[in-house]
Amino acid sequence: MRPPAGITVDRRPARPQPSLLPEGIVAVIRSASVEEAVTIGGALAAAGVLHLEITFTIPNAQDAIRELSDTTDANVGAGTVLTAQQASAAADAGARFLVSPTLVPAVLRRAAELDLPSIAGALTPTEALSASTAGASAVKLFPVGSVGGAGYVRALREVFPDIKWVVSGGISAAEVVAYRHAGCTAICLGGALISREALARGDREALVAYAAGALRVAEGP
């Protein structure tokens with residue numbers, strides 16, 4: 001049935017909630033430009049990746065966040081957020097979560113003001129507890145592969161069962177199952193999801209296929 005004359009109907013697909021702490025696989029996108037980040041993010045979303053983390057190591061990262069928020073159904077957030085100003089810029093661009101590689105109290109405070117989940121980085125038990133106590137929605141262990149992997153996560157969960165754990169740093173698709181069984185809320189993957197060869201030749205179909213294959217591996221047997 002057609003809408004009454006003069007009334008415009010928004011036919012865009014339903015969008016996720018404004019703020020959402022990621023669960024499962026998070027694709028971490030670091031690239032040289034906004035254009036490349038958007039190409040990668042669009043392909044990953046098409047492959048079935050639900051959460052995209054666009055890092056502020058990308059010049060004008062907020063532009064990539066805005067574009068991917070507008071053009072995909074993924075839960076798009078900002079990574080490598082080191083200042084309150086970056087947190088605000090990310091939120092203005094449509095970011096629905098924030099990630100920092102370490103504990104940055106100013107970012108946690110701004111995230112609370114913006115009502116956005118904020119994940120703070122840590123490596124040791126002391127750092128993890130400090131981040132959680134400071135108000136982090138979850139604690140990201142980075143680089144987890146350098147300190148014992150899934151076994152390290154299990155050891156920390158025995159001591160801090162109430163902390164939500166996110167892992168990042170050199171994780172392969174084949175290792176995702178072990179981290180999931182260790183009790184991680186989210187597992188961050190970077191290069192494991194991206195075919196640099198396909199990216200270099202501008203082959204979007206191959207980018208999507210590669211990422212979809214990695215996701216199948218991550219699901220396990």
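Using the 10 angstrom Cβ neighbour count as an exposure proxy, how do 142, 160 rank, fewest first?
Values: 142 21, 160 15.
Exposure proxy ranking, most exposed first: 160, 142.
Give the Rg (one decimal place) followed by the Dmax (whole number) of the chain, computed from C-alpha coordinates and expressed in Å.
17.8, 64
In percent, what relative contact order does the chain have, based on Cα pairs under 8 Å that are 6 or more apart in sequence? Let's see the in-between values first.
Details: 426 pairs, mean separation 40.3, N = 221.
About 18 percent, as a whole number.
Arrange 163, 119, 187, 194 by Cβ neighbour counts within 10 Å, fewest through most, would you? Let's see the in-between values first.
Details: 163 19, 119 33, 187 27, 194 22.
So the residues, fewest neighbours to most, are 163, 194, 187, 119.
Just to be sure I understand the model, the point goes 7 Å from the Cα along the line to the Cβ. What's the resulting residue 147 to residue 124 distance in nm?
Here the modelled spin labels are 0.9 nm apart.
For residue 70 and residue 181, FRET efficiency with R0 = 45 Å and r from the beta-carbon atoms, rounded to 0.05?
Computed FRET efficiency for residue 181 and residue 70: 0.80.
Among 193, 103, 123, determine the one that fluctuates most according to a GNM of the chain built with springs between C-alpha atoms less than 10 Å apart.
123
Under 11 Å from the Cβ of residue 35, count the other residues' Cβ atoms, weight Lys and Arg +1, Asp and Glu -1, and hand me the total. Let's see the in-between values first.
On the way: positive: none; negative: 36, 63, 67.
Its environment carries a net charge of -3.
Grab the Cα-Cα distance for residue 113 and residue 206, subtract it from 0.36 nm times how many residues apart they are, and report the gain in nm with one decimal.
Numbers: separation 93, 0.36 × 93 = 33.48 nm, distance 4.10 nm.
Full-extension gain reported as 29.4 nm.
Under 17 Å from a point 7 Å along the Cα-to-Cβ line of residue 155: which residues of the stretch 115-133 have their amide N that close?
In the stretch 115-133, the label zone of residue 155 (backbone N under 17 Å from the point 7 Å along Cα→Cβ) covers 122-129.
Under a Cβ-Cβ cut-off of 15 Å, what is the net charge of the residues other than residue 217 that fall near it, where Lys and Arg count +1 and Asp and Glu count -1?
Its environment carries a net charge of 0.
Which of rounded, prolate or oblate describes the stretch 118-221 when judged by the alpha-carbon gyration tensor and an a/c cut-off of 1.5?
Details: a/c = 2.78, a/b = 2.06, b/c = 1.35.
Prolate, because a/c is 1.5 or more and a/b exceeds b/c.
Hey, what number do you get for the chain at 222 nm if only DSSP H runs of n ≥ 4 count, each worth -39500 (n - 2.57), divided across all residues, to the nearest 500?
-12000 deg cm²/dmol
How do 21, 141 line up, fewest other C-beta atoms within 10 Å first?
With the sparsest Cβ surroundings first, the list reads 21, 141.
Classify the stretch 76-159: rounded, prolate or oblate, from the alpha-carbon gyration tensor (a ≥ b ≥ c, eigenvalue square roots; a/c under 1.5 rounded; otherwise prolate if a/b is larger than b/c)? Walk me through the intermediate numbers first.
Working: a/c = 2.50, a/b = 1.97, b/c = 1.27.
Because a/c hits 1.5 or more and a/b exceeds b/c, the stretch 76-159 counts as prolate.
Within 11 Å, Cβ to Cβ, of residue 86, how many net charges do the neighbouring residues add up to if Lys/Arg are +1 and Asp/Glu are -1? Before the final figure, lay out the partial values.
Numbers: positive: 110; negative: 92.
Spelling it out: positives minus negatives among the neighbours equals 0.
Compare 91, 200, 45 in a GNM of the chain, Cα atoms joined below 10 Å, and give the one with the largest fluctuation.
Residue with maximal mean-square fluctuation among 91, 200, 45: 200.
Since every read-out is calculated from the coordinates, none of them should be taken as a lab result. Small disclaimer: the values here were computed from a predicted structure and weren't measured. Here the Cβ is made from the backbone with ideal geometry for all residues, glycine too, and neighbour counts use every protein chain on show.
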